[in-house]
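Accompanying notes for the structure given below.
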Amino acid sequence: MSSSNKMTVPLAAPTSNNPGSSPTHAGSARKSLAAGLAAAALLGGAGMVATTPAAYAEPSNYRFDFGSGPVEHGYTGVSAADAYSPEARYGFNTPEHMANVSAKGTGAGSDAVRFLQFGTKSANTFNVDLQEGLYRVTVTLGDTSRASIAAEGVFQEMNLTGNGATASFEIPVTDGQLNLLVTEGKVGTAFTLSSLEIDKVSRHPEMDPTIWVGGDYPLHNSIQGGWGQMLPQYVDPAAFDIRNMATGGQIARGFRNDGQLAAILQYIKPGDLFLLEMGINDTAAKNATTEAEFKEIMRDMVRQVAATGATPVLVTPQGRATDFVDGVHTSINRWYRNSTVALAEEEGVHLVDLNVLASAYFTKIGPEATLALFMTGDTLHPNRAGASELARLVAEDLYRQGL
């Protein structure tokens with residue numbers, strides 16, 4: 001990690017949708033990807049035209065515009081009725097469970113398709129044939145209040161909010177095909193997809209060193225903040241990518257059992273870090289998790305990650321803004337912190353005691369300045385400025401520990 005005051009950890013910025021200005025019309029006017037590739041082969045192959053499947057030359061990038069409206073310039077149009085075929089090399093696995101819908105965006109975002117069946121393990125996917133390699137995938141949603149992106153049977157991006165929300169992630173493809181869908185698991189909510197961009201990063205299906213973040217953090221684009229969201233400000237992108245798999249309101253049992261840990265275990269590898277902070281919601285009576293149960297669930301996750309050769313790091317949650325006594329902030333007995341500290345010692349794993357680090361910082365700046373780092377009228381949830389300060393403390397402590 002960088003040793004500068006503003007350490008910077010990865011996730012390259014999402015690529016733009018690159019909308020053009022001369023759309024064509026849907027239906028018969030929609031371009032066939034296979035036809036476009038044949039034309040490219042004719043122009044770039046010194047007069048050699050691909051006449052057999054063996055001569056197929058895969059492009060390094062794809063742009064798909066979903067829905068029944070006009071197709072944005074530079075994109076391949078895909079209607080909800082377009083089934084996958086080996087000839088086209090893309091399409092929906094079960095088009096009968098898709099529908100064309102309008103969207104409030106512009107260009108490629110002016111229309112979309114809706115997934116009528118969903119779930120990380122659903123067969124209702126959009127499939128694209130890809131050679132083995134590492135790809136950067138950029139997804140733009142249509143009109144969706146809250147949705148997640150799944151690919152290869154696991155979550156890739158969590159809790160995108162707002163119409164036209166965009167997310168970008170890298171994914172290794174080893175079986176010749178990308179299988180992607182939009183999901184959340186909440187029946188009655190619209191899960192829509194406006195556009196998809198796929199860029200080949202490397203012919204080697206190997207992800208860069210990655211910091212994986214697990215815990216309880218808010219939705220994307222929320223004025224509320226979590227340190228996992230702000231961590232990329234303080235981590236050198238040349239050293240690590242960052243994949244934040246945390247979601248607001250989560251508890252340890254849910255993170256382990258409901259798909260977030262499974263996504264991490266599918267890709268995590270030696271050299272990666274797994275930062276895990278839980279406890280705030282686990283202590284709530286409605287979640288019915290005793291401290292002993294919490295500790296053993298956390299132990300199980302730590303051991304599963306350690307078995308991959310990656311490095312688990314436990315993180316304790318900061319206290320409330322009002323945890324001051326005689327000008328000193330302390331919250332060492334909150335959020336099952338003591339069990340997290342004990343677990344780190346028992347399992348021999350690294351600990352970022354953000355609870356104590358944050359209290360020292362809050363004491364330094366005082367009660368009034370501390371309150372300004374939290375949501376208005378809320379002493380529990382940091383705003384984005386507060387989350388940025390917490391991310392700085394986490395990054396500095398990781399650097400201090402040589403991670």
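The values are calculated or read from the model by the stated rules, or taken from the named source; none is laboratory data. These numbers were taken from a predicted model, which means no experiment stands behind them. Note that we place each Cβ from the backbone using ideal geometry, even for glycine, and neighbour counts take in every protein chain shown. Surface areas here come from the heavy atoms of the whole protein model, side chains and all, with no ligands, DNA or RNA. Shrake-Rupley method; radii C 1.70, N 1.55, O 1.52, S 1.80 Å.
Nearest 500 deg cm²/dmol is fine: what mean residue ellipticity at 222 nm does the chain get from its DSSP H runs of n ≥ 4 alone, each adding -39,500 (n - 2.57), divided by its residue count?
On the way: 9 runs with 91 residues, N = 403.
Calculated from helices alone, the mean residue ellipticity at 222 nm is -6500 deg cm²/dmol.
Per residue, how large is the accessible surface of the chain? Use a 1.4 angstrom probe and give square angstrom. Could you put the intermediate results ahead of the total?
Working: 16810 Å² over 403 residues.
Each residue of the chain exposes 42 Å² on average to a 1.4 Å probe.
Can you tell me how much longer the chain between residue 163 and residue 369 gets when fully stretched, taken as 0.36 nm per residue apart minus their C-alpha distance, in nm with one decimal?
Working: separation 206, 0.36 × 206 = 74.16 nm, distance 3.43 nm.
Length difference between fully extended and current span is 70.7 nm.
Cut-off under 17 Å on the C-alpha distance; same-chain residues fewer than 8 positions from residue 286 excluded. Which aspartates and glutamates are left, in chain and number order?
216
Can you give me the C-alpha center-to-center distance between region 75-90 and region 132-205, rounded to a whole angstrom?
One Cα centre to the other: 17 Å.
Report the convex hull volume per residue for the chain, counting only C-alpha atoms, in Å³. Working shown, then result.
Details: hull volume 62.1 nm³, N = 403.
That works out to 154 Å³ per residue.
Which shape class, rounded, prolate or oblate, goes with region 57-151 when its Cα gyration tensor gives a ≥ b ≥ c as root eigenvalues, a/c under 1.5 marks rounded, and past that a/b bigger than b/c marks prolate? Kindly include the intermediate steps, with their values, before the conclusion.
Values: a/c = 1.42, a/b = 1.17, b/c = 1.21.
Judged from the Cα gyration tensor, region 57-151 comes out rounded (a/c under 1.5).
Based on DSSP, what percent of beta bridges with both residues in the chain are antiparallel, to the nearest 5?
On the way: 48 of 68 bridges.
The antiparallel proportion sits near 70 percent.
Radius of gyration and Dmax for region 103-149's Cα atoms, expressed in Å?
12.9, 35
Provide the descending list of Cα extents for region 249-403 along its principal axes, expressed in whole angstroms.
44, 38, 27
Provide the packing ranking of 372-378, 307-313, i.e. peptides ordered by the mean count of other C-beta atoms within 10 Å per residue, highest first. All intermediate terms of the calculation are to be shown ahead of the outcome.
Details: 372-378: 14.4, 307-313: 18.0.
The packing order, highest mean first, is 307-313, 372-378.
Taking Cα atoms of region 226-327, Rg/Rh with Kirkwood Rh, to two decimals? If you can, show how the numbers build up before the last one.
Working: Rg = 15.0 Å, Rh = 15.0 Å.
Looking at region 226-327, the ratio lands at 1.00.
Name the shape class, rounded, prolate or oblate, that the alpha-carbon gyration tensor gives for region 202-265, where a ≥ b ≥ c are the square roots of its eigenvalues, rounded holds for a/c under 1.5, and otherwise prolate holds if a/b is larger than b/c and oblate otherwise. Provide the component values of the computation, followed by the final result.
Values: a/c = 2.61, a/b = 1.27, b/c = 2.04.
Verdict is oblate for region 202-265.
Run the paramagnetic zone check for residue 384: 7 angstrom along Cα to Cβ, then residues of region 327-366 with backbone nitrogen under 19 Å.
none
Using 0.36 nm times the number of residues separating residue 189 and residue 401, minus their current alpha carbon distance, what extension gain do you get? Present the calculation step by step, with values, prior to reporting the outcome.
Values: separation 212, 0.36 × 212 = 76.32 nm, distance 4.36 nm.
Fully extending the segment from residue 189 to residue 401 adds 72.0 nm.
Could you look at region 230-292 and say what percent of its accessible area is carbon and sulfur, using a 1.4 Å probe and all protein chains? Mind dumping the intermediate values first?
Working: 1190 of 2240 Å².
Of the solvent-accessible surface of region 230-292, carbon and sulfur hold 53 percent.
Carbon and sulfur atoms: what percent of the 1.4 Å accessible area of region 358-403 do they account for? Display every interim value, and only then the final one.
Details: 1230 of 2160 Å².
Carbon and sulfur together cover 57 percent of it.
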